[in-house]
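Here is the structure we will look at, set down as structure tokens.
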Amino acid sequence: MSWFVEENMGWSQTYDKRSTWTVEIPESQVGEHSIIHYTPANESDWHPYFERYVRARKESPHLKKYTTLVRNNHWITIMQDSFTEFEEHQWLWGHATGDILVTGLGIGFVNEWLIKAPGVKSVTIIEKNQDVIDMVWDHCAKDERFTLIHADADTWEIPEGSSWDCIWIDHEISGPTHITEITDKYQPYTNNLGFYGQFKNLDNYYEIDADSGMLEIRDPNQKLEWM
Ligand SMILES: C[S@@+](CC[C@H](N)C(=O)[O-])C[C@H]1O[C@@H](n2cnc3c(N)ncnc32)[C@H](O)[C@@H]1O
């Protein structure tokens with residue numbers, strides 16, 4: 001349970017720093033899924049997508065170990081504790097409050113913030129794949145406020161009377177039609193519905209304070225230059 005801040009990349013005067021949460025999930029393989037740690041030592045075995053991802057996103061496997069969630073014969077890695085993922089979750093960092101619903105457990109990346117974020121009352125996570133639950137749930141950051149539900153977020157019957165202060169859609173979304181379906185399904189239960197990858201036109205951008213591990217506001221509405 002920690003974070004990582006990289007400085008002095010020499011990219012620009014404005015953005016010379018970036019950060020991410022790091023998870024501590026041991027390597028394992030269950031059914032169709034694996035948790036794999038990627039470092040330079042095993043580079044020849046990296047998923048081909050991860051090789052491209054690291055280059056295109058200027059990630060830093062020489063500085064930190066990457067924990068990834070991989071599915072057999074799937075064209076992308078499903079999740080990683082990368083700087084890019086931290087950016088792609090910017091909406092959540094600024095909107096996580098009160099009772100929160102998250103779709104998709106992944107590697108428990110968002111748990112790293114939700115467990116320490118001020119004002120979080122409860123976190124309910126919906127995960128479809130039992131393999132992922134078996135590999136991750138025992139090891140990810142959580143406390144008594146966190147609940148896991150094994151269900152498909154697309155078809156889950158939302159209990160009557162439910163409402164959340166924030167809903168974060170973080171499971172695998174297949175395209176615009178799916179986005180509309182999910183919006184129609186979950187919008188009635190919150191005033192605060194966010195989707196993974198929603199990182200443009202935000203009120204604020206966040207980075208992690210290297211000493212405290214708490215989020216601090218970066219310049220409003222500014223993307224990192226490398227994105
Ligand atoms: C990108 S990861 C989620 C990242 C995660 N929130 C984290 O903090 O690491 C996507 C997850 O969604 C799960 N998933 C895929 N389709 C789903 C569905 N229909 N309902 C619920 N979970 C689903 C996958 O098994 C995977 O664990």
Handout entry: Proximal charge balance of residue 50 [Cβ under 11 Å; K/R count +1, D/E count -1]
Key = -1
Problem - Highest average packing first - 66-76, 108-118, Cβ atoms within 10 Å - result: 108-118, 66-76
Exercise for the section: Between the alpha-carbon centers of the stretch 25-57 and the stretch 189-219, tell me the distance in whole angstrom. Expected result: 26 Å
Exercise for the section: Tabulate in residue order the Karplus-calculated ³J(HN,Hα) for the stretch 115-126, using 6.51 cos²θ - 1.76 cosθ + 1.60 with θ = phi - 60°, rounded to whole Hz; enter x for Gly and Pro. Expected result: 6, 10, 5, x, x, 8, 8, 8, 10, 10, 10, 9
Problem - Note, ³J(HN,Hα) from phi for the stretch 184-196, Karplus 6.51, -1.76, 1.60, rounded to Hz, x at Gly and Pro - result: 4, 6, 9, 3, x, 9, 7, 9, 9, 10, x, 10, 3
Practice task
In debye, nearest 20, what is the charge dipole magnitude of the chain about its Cα centre with +1 on Lys and Arg Cβ and -1 on Asp and Glu Cβ, if you could check?
Solution key: 440 debye
Practice task
Among 53, 66, 29, pick out the residue whose Cα is farthest towards the positive end of the charge dipole of the stretch 24-70, where Lys and Arg carry +1 and Asp and Glu carry -1 on C-beta, about the Cα centre.
Solution key: 53
Problem - Given 64/116; 65/116; 65/223; 128/185; 128/223, the pairs whose alpha carbons are separated by over 28 Å - result: 128/223
Fill in the blank from the handout: Sorted by chain and then number, the residues having a modelled amide H within less than 5 Å of the amide H of residue 22, at least 5 places away or on another chain, are 2, 3, 4
Handout entry: Residues with amide H under 5 Å from that of residue 120, placed H, sequence gap 5 or more
Key = 98
Completion exercise
Restricted to the stretch 35-139, the DSSP antiparallel beta bridge percent, nearest 5, is 50 percent
Problem - Environment charge at residue 30 (Cβ cut-off 9 Å; Lys +1, Arg +1, Asp -1, Glu -1) - result: -3
Exercise for the section: Pull up the DSSP beta bridges for the chain and report the antiparallel fraction as a percent, rounded to 5. Expected result: 55 percent
Handout entry: Relative contact order, percent, the chain [alpha-carbon distance under 8 Å, six or more residues apart]
Key = 21 percent
Problem - Check: the stretch 1-50 dipole with +1 on Lys, Arg Cβ and -1 on Asp, Glu Cβ, in debye - result: 180 debye
Handout entry: MRE, 222 nm, helices only [DSSP H, n ≥ 4, -39500 (n - 2.57), over the chain, to nearest 500]
Key = -5000 deg cm²/dmol
Completion exercise
Residue by residue through the stretch 48-53, the couplings from Karplus 6.51 cos²θ - 1.76 cosθ + 1.60 with θ = phi - 60°, in Hz, x for Gly and Pro, are x, 5, 5, 4, 5, 4
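Coordinate-derived values only; no laboratory data. This structure is a prediction, so every number in the text was calculated from the model and none was measured. With ideal geometry, Cβ positions are generated from the backbone for all residues, glycine too; neighbour counts draw on all protein chains shown.
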